[in-house]
Amino acid sequence: MSGGMVGSCAMRPEPTLLPEALPAAKVGGPYSVQLSVTNTSSPIHGIYVSDAHPLPDGLSIYHQNREPTGHINGTPIKAGAYEVHISAGTYGTQCAGLRARRVYTLEVAE
């Protein structure tokens with residue numbers, strides 16, 4: 001790898017996971033939120049939820065390989081305030097892939 005490549009890799013912007021906050025949900029009600037990854041020059045290989053800080057039961061994440069968006073969909077089944085950790089990863093090209101991370105609090109009302 002040339003010195004110029006190392007410099008340009010370090011100058012890439014960090015990808016950002018949006019939205020900044022998740023809207024509240026209601027037990028038994030349908031829930032759907034679009035997640036987007038911005039500031040990236042390479043495709044997204046996945047949008048993931050942490051096993052240690054998952055979505056509430058009844059909700060799941062869907063992402064199609066290489067797309068800049070994903071979705072949280074489902075019907076929550078238990079009220080509470082949930083700390084949810086979501087990350088997205090980009091493919092590497094000449095440079096290593098990057099990650100975007102965000103910690104959300106998802107409020108599920110009765």
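Tabulated values for the structure
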| item | result |
| --- | --- |
| Gain upon complete extension [ASN39, THR69; 0.36 nm per residue less C-alpha separation] | 9.5 nm |
| Virtual spin-label span in nm between ALA109 and LYS78, 7 Å along Cα→Cβ | 2.1 |
| Protein accessible area in the chain, 1.4 Å probe - carbon and sulfur % | 53 |
| Pairwise FRET efficiency - ARG101 versus ASP57, Cβ, R0 = 25 Å, nearest 0.05 | 0.65 |
| Order of exposure, largest accessible area first, which applies to VAL37, VAL27, VAL103 with probe 1.4 Å | VAL103, VAL27, VAL37 |
| Helix-only [θ]222 nm of the chain, DSSP H runs n ≥ 4, -39500 (n - 2.57) each, per residue, nearest 500 | -2000 deg cm²/dmol |
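The values are calculated or read from the model by the stated rules, or taken from the named source; none is laboratory data. Remember, predicted model here, so these are calculated numbers, not experimental data. Because the Cβ atoms are built from the backbone with ideal geometry, glycine has one as well, and the counts that use them run over all protein chains shown. What goes into the accessible areas is simple: the full protein's heavy atoms, side chains included, and nothing from ligands, DNA or RNA. Shrake-Rupley method; radii C 1.70, N 1.55, O 1.52, S 1.80 Å.
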